[in-house]
Amino acid sequence: MTDPAEQAHRLRLWYTRPAGSFTEALPIGNGRLGGMVYGGVVHNTKFNDRIGLNIDTLWWRSECDRHNPDALQGFREGRRLLMAGRVKEAEHLVKMTMTSCPKEQPPYLPLGQLNFVFENHYYNSQLSEYTRELNLTTGIAQVSYVLDKVRYRREIFASTPAGLIVARYTADTPGALSFYADLVRRPFSGPSSRTDGRTIQLTGAAGPAGVRYASQARIFAEGGACGTCGDFIYAKQADAVTILLAGHTDYYGDDPTLRCAQDLDAVESQSYEVLRNAHIEDHAGLMSRVAIEFAGTEPATELLSLPTDERLQRIVKGREDPGFAALLFQYGRYLLMASSRPGTLPANLQGIWNESYAPPWESKYTININTEMNYWLAEVGNLAECHEPLFDFIDKMIINGRQTARKTYGCRGFVAHNNLDGFADTAIVGEPDGAFMWPLGATWLTLHLWERWKFSLDRQFLENRVYPILQECIAFFADYLVEDDNGQLLTGPSLSPEISYLLPDAAPAGICMAPAMDCQILHELLAALLEAASVLDKKDEYVTRAAAIKEKVPGPRIGAHGRLLEWQQDHLEREIGHRHVSHLFALYPGTTIDLAATPELAAAARQSLERRIAHGSGGTGWSAVWIACIWARLQEGDLAHEQLASLMRSWLFPNLFGGHPPGLFQIDGNFGATAAIVEMLLQSHRGCIWLLPALPAAWPSGRVAGLRARGGFEVDIEWSKSRLKSARIRSLLGQPCTVCAGSPVEIRQAGVRLDGERLGANLSFPTESGAVYDVISLDRDQ
């Protein structure tokens, strides 16, 4: 790979002007605290600059039991009507009796912002040499500019070791720094005050019974003076200034004001350099695990000399920029590191960054695709620790989901639908019509625990954490599923998320029995429990029940037109080009449909996908990258790249945040893009490590190092002329390894050729834990 200095130069977002909006600002985060760096300079009517602030646990809350008291009766009667073919009656009844009271969940809210006024920064000042950047290698946002012949520099980062946001201000002229700053949360600011001669705070609560919060800012100056005045901190004629920002809530029962003070006091004696170095060490320890390069026709140095927003505009105009795809890949990893660390809540619809008190979709957890997509990259992208907040949140969801299973369905086990808020509320959300009545959300999330085991093969994790949850899932479905006249076990009332179909009289409907996605997720769940039981040598009632259920749950079906059916009947979609492709779950992220193992189903899935794309599907950032992942599973690299290019051309903001119409920020597209790129370069879901399964022509040469494969392997790959050159596999657990490269290869260990077992294009060989194996292409063109 390139040397560290050049790699750092490649891995940065940089601009030549301050951010004018939220989607131009640069995100920093430590999983718990998030910041948006605007890099303002000249004075506007209120302030020069601001740092937007978020904390993962600040959610509006109004404590109440949202379960509809008529839900259980409505569920039973709605199911009866559906199975009798009285769809519209069932739909109306289910909506009236099963949606929650109130229907909406509360939003994720901003912590506020720190506003700055620089006393010598005015409109008539002479500004030059301005740059603003986010270095993905260090996790530090930087601003540099010359104003009236003075060079000013700023560095801002969110430190995981310190639990703080740290901001550093310097100038090359002694005594040039004079400013004041305050914490605000307009229009919902709570009490603000100074707590001592260097610290200010802002406190309040999010709702009558809501989360209490506190933020504090403490200032230190080198040269000149600093202190507090009213609820401001200030610096006067200083040479350098450091500001430490703390934030807490009482989400976990803590006193937020006390916790802020403790965090600040804990690093009181540490220099800025110590804080900075500890942050970089922590950040680089995760970011440096994976390196990636794509070579293209444009000279890399020419493209790197362009600001990020200008590079993006070149792509919008149709120009190729493989290096930009590599940057986007690492940006997805960066954002997950910054919004999801052990001990925090998982990344929500906006990760951790939200400026609105009424954010789109409440910035919550949409679990019919979006939250799951946030974590597709975690294992393959070598950020397994960042997956853990989702697992902890699942534990919280299960507690609430048991109540919903009992009150709504009269069942054991647990259930969740299409949305969760920050408290993992599992009651059915009332809007929109095409999304609310989907009871498989908890099941899909549970499969993430199973995925972790597939990568780690941690038997203790499987036995103590995964298997009990799988058992409880099975308990729910054993009570919930209903047998039809053909002996099939069906889910329902349910729906295919967010899409409607047309009844014979052309009336639209969403509610149905056993949509394809339900059945596909169920098959993955049942297979997981049976495999887990085999590994753990379990022979309990859940194994018997799972095996019996698996025989009766409908499998994927092909309709009269050769397409994979989305519903049990061959309905026409109300919107053919819908953004969701839920009935293709079994292809990705599921594993039931496979190009080699189930070619007829794969062909039908392809026809379904082609039809949906031809009518406009992929018209959001996350939809485009989900389709890219599916194309990668079908080994269509160019078509996968086409969807990735669609994301870059149409659904990225200047700060590369993913977009959703109409002009809204939604982070799942960023995370999904990283997962799609991995899927194009490496797949391991069918028991073998497939090297370059969907390499597009746009990336003829390149290298990637540090990707993770199921079974406990870490993989490096190098290619040129669109063909494998070599790969390196590190065995972390000593498991047998099977490699598929699509062309002849040999395996070497420490330069010695190993004899493996060949079966078609696959080559299998035993490994030792900690050993490294080189895969060498025998292609003469290499």
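The values are calculated or read from the model by the stated rules, or taken from the named source; none is laboratory data. A quick note: this is a predicted structure, and the numbers were derived from the prediction, not measured. Counting neighbours? That spans all protein chains shown, and the Cβs are built from the backbone with ideal geometry, glycine included. Ligands, DNA and RNA are stripped out before the accessible areas are found, and what is left, the full protein with its side chains, is counted by its heavy atoms. Shrake-Rupley method; radii C 1.70, N 1.55, O 1.52, S 1.80 Å.
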Inset, instruction - Describe numerically, in nm with one decimal, the distance between label points set 7 Å from Cα along Cα→Cβ at residue 88 and at residue 317. - result: 5.4
Legend entry - Share of carbon and sulfur in the accessible heavy-atom surface of the range 245-381 [1.4 Å probe, %]: 50
Inset, instruction - Quick one: pull the percent of accessible area on the range 577-704 belonging to carbon and sulfur, 1.4 Å probe, ligands and nucleic acids left out. - result: 51
Legend entry - Proximal lysines relative to residue 236, as straight alpha-carbon distance under 22 Å, when same-chain residues fewer than 8 apart are discounted: 46, 149
Inset, instruction - Apply the Karplus parameterisation 6.51 cos²θ - 1.76 cosθ + 1.60, with θ equal to phi minus 60°, to every residue of the range 593-601 and state each ³J(HN,Hα) to the nearest whole Hz, in sequence, with x for glycine and proline. - result: 9, 9, 4, 8, 7, 9, x, 5, 5
Inset, instruction - Using the Cα centre as the reference, give the magnitude of the dipole from point charges on the C-beta atoms of the chain (Lys, Arg: +1; Asp, Glu: -1; all else neutral), rounded to the nearest 20 debye. - result: 380
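What's the local net charge at residue 563, with K and R +1, D and E -1, over the other residues with C-beta under 13 Å away?
Numbers: positive: 557, 606, 611, 612; negative: 566, 570, 573, 600, 610.
That sum, taken over residues with Cβ under 13 Å, equals -1.
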Legend entry - Candidate aspartates and glutamates - alpha carbon under 15 Å from residue 552, same-chain residues fewer than 8 apart omitted: 479, 483, 484, 485, 518, 524
Legend entry - Karplus-derived 3J(HN,Hα), 6.51/-1.76/1.60, for each residue of the range 51-65, Hz, glycine and proline x: 10, x, 10, 9, 9, 4, 9, 8, 10, 4, 8, 10, 5, 6, 8
Inset, instruction - For residue 55, enumerate residues with amide H under 5 Å from its amide H, sequence gap 5+ or separate chain, H modeled in the peptide plane. - result: 34, 111
Legend entry - Cross-link reach list, lysines versus residue 538, counting only Cα pairs under 16 Å and skipping chain neighbours closer than eight places: none
Inset, instruction - Please list 732, 691 in order of solvent-accessible area, largest first, computed with a 1.4 Å probe with all protein chains present. - result: 732, 691
Inset, instruction - Treat every Asp and Glu Cβ in the range 164-228 as -1 and every Lys and Arg Cβ as +1, leave all other atoms uncharged, and give the resulting dipole magnitude about the Cα centre to the nearest 20 debye. - result: 280
Inset, instruction - Note down the net charge around residue 172, summing +1 for each Lys or Arg and -1 for each Asp or Glu among other residues with Cβ under 9 Å from its Cβ. - result: +2
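Among rounded, prolate and oblate, which fits the range 262-386 when a ≥ b ≥ c are the square roots of the eigenvalues of its C-alpha gyration tensor, a/c under 1.5 means rounded, and a/b larger than b/c means prolate? Before the final figure, lay out the partial values.
Numbers: a/c = 1.82, a/b = 1.27, b/c = 1.43.
Oblate, since a/c reaches 1.5 and b/c is not below a/b.
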Legend entry - Heavy-atom accessible area order for 473, 229, largest first, 1.4 Å probe: 229, 473
Inset, instruction - Work out the charge dipole of the range 664-782 with +1 on the Cβ of Lys and Arg and -1 on the Cβ of Asp and Glu about the Cα centre, then indicate which of 735, 681, 700 is farthest towards its positive end. - result: 700
Legend entry - Among 771, 614, 335 - extreme Cα towards positive end, dipole of the chain, charges at beta-carbon: 614
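Which sequence of 456, 722 reflects their accessible areas, 1.4 Å probe, from the largest down? It would help to have the intermediate numbers written out before the result.
Details: 456 35, 722 60 Å².
Ranking 456, 722 by accessible area, largest first, yields 722, 456.
Quick one: pull the percent of accessible area on the range 60-150 belonging to carbon and sulfur, 1.4 Å probe, ligands and nucleic acids left out. Could the numbers behind the result be given before it?
On the way: 2240 of 4290 Å².
Whole-percent figure for carbon plus sulfur exposure: 52.
Shape call for the chain from the C-alpha gyration tensor, a ≥ b ≥ c root eigenvalues: rounded (a/c under 1.5), prolate (a/b greater than b/c) or oblate? Mind dumping the intermediate values first?
On the way: a/c = 1.84, a/b = 1.30, b/c = 1.42.
Oblate shape, in that a/c is at least 1.5 and b/c is the bigger or equal ratio.
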Legend entry - Among 761, 177, 720 - extreme Cα towards positive end, dipole of the chain, charges at beta-carbon: 177
Inset, instruction - Considering Cα pairs under 8 angstrom that are at least six residues apart, work out the relative contact order of the range 728-781 and quote it in whole percent. - result: 52
Legend entry - Between the range 158-220 and the range 314-339, the alpha-carbon center distance in angstrom: 32
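For the range 687-728, which trypsin sites (Lys or Arg not before Pro) pass both filters: DSSP loop (anything but H, G, I, E, B) and at most 15 other C-beta atoms within 10 Å? Numbers along the way, then the final one.
Values: sites: 703, 708, 710, 721, 723, 725, 728; in loops: 710, 721.
In loop regions of the range 687-728 (DSSP not H, G, I, E or B), the sparsely surrounded trypsin sites (Lys or Arg not before Pro) are 721.
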Legend entry - Label point distance in nm, residue 277-residue 746, each placed 7 Å from Cα along Cα→Cβ: 4.8
Inset, instruction - Note down the accessible area of residue 122, probe 1.4 Å, to the nearest 10 Å². - result: 110
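Sort the range 648-713 into rounded, prolate or oblate with this rule: let a ≥ b ≥ c be the square roots of the eigenvalues of the Cα gyration tensor; rounded if a/c is under 1.5, and if a/c is not under 1.5, prolate when a/b is larger than b/c, oblate otherwise.
Values: a/c = 2.84, a/b = 1.92, b/c = 1.48.
Prolate.
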Legend entry - Average accessible area per residue (Å²) across the chain - probe 1.4 Å, nucleic acids and ligands excluded: 36
Inset, instruction - Give the long-range amide H neighbours of residue 737: residues separated by 5 or more places, or on another chain, with amide H under 5 Å away, using H modelled in the peptide plane at 1.01 Å from N. - result: 765, 767
Legend entry - In Hz, Karplus ³J(HN,Hα) per residue of the range 213-228 (6.51, -1.76, 1.60; θ = phi - 60°; x = Gly, Pro): 9, 8, 10, 9, 10, 10, 10, 9, 10, 10, x, x, 9, 8, x, 10
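Add +1 for every Lys or Arg and -1 for every Asp or Glu among the other residues with Cβ under 13 Å from the Cβ of residue 132, and state the total. Can you show the working numbers first?
Numbers: positive: 12, 17, 153, 154; negative: 24, 49, 129, 133, 155, 309.
Net local charge, residue 132 excluded: -2.
What does the charge dipole of the range 675-740 about its Cα centre add up to, to the nearest 20 debye, if the Cβ of each Lys and Arg holds +1 and the Cβ of each Asp and Glu holds -1? Write down the numbers at each step before the final one.
Working: 9 positive and 4 negative charges, 23 e Å.
Taking the Cα centre of the range 675-740 as origin, the dipole is about 120 debye.
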Inset, instruction - Relative to the longest principal axis of the C-alpha atoms of the chain, give the angle of the C-alpha long axis of helix 87-98, reported between 0 and 90° and rounded to the nearest 10°. - result: 50
Inset, instruction - Before anything else, pin down the relative contact order of the chain: Cα pairs under 8 Å, at least 6 apart, normalised by residue count, whole percent. - result: 11
Legend entry - Length added when fully stretched, residue 236-residue 266, from 0.36 nm per residue minus Cα-Cα: 8.2 nm
Legend entry - Solvent accessible area, Å² - residue 571, 1.4 Å probe, full protein context: 40
Legend entry - Heavy atoms of residue 15: accessible area, 1.4 Å probe, square angstrom to 10: 10
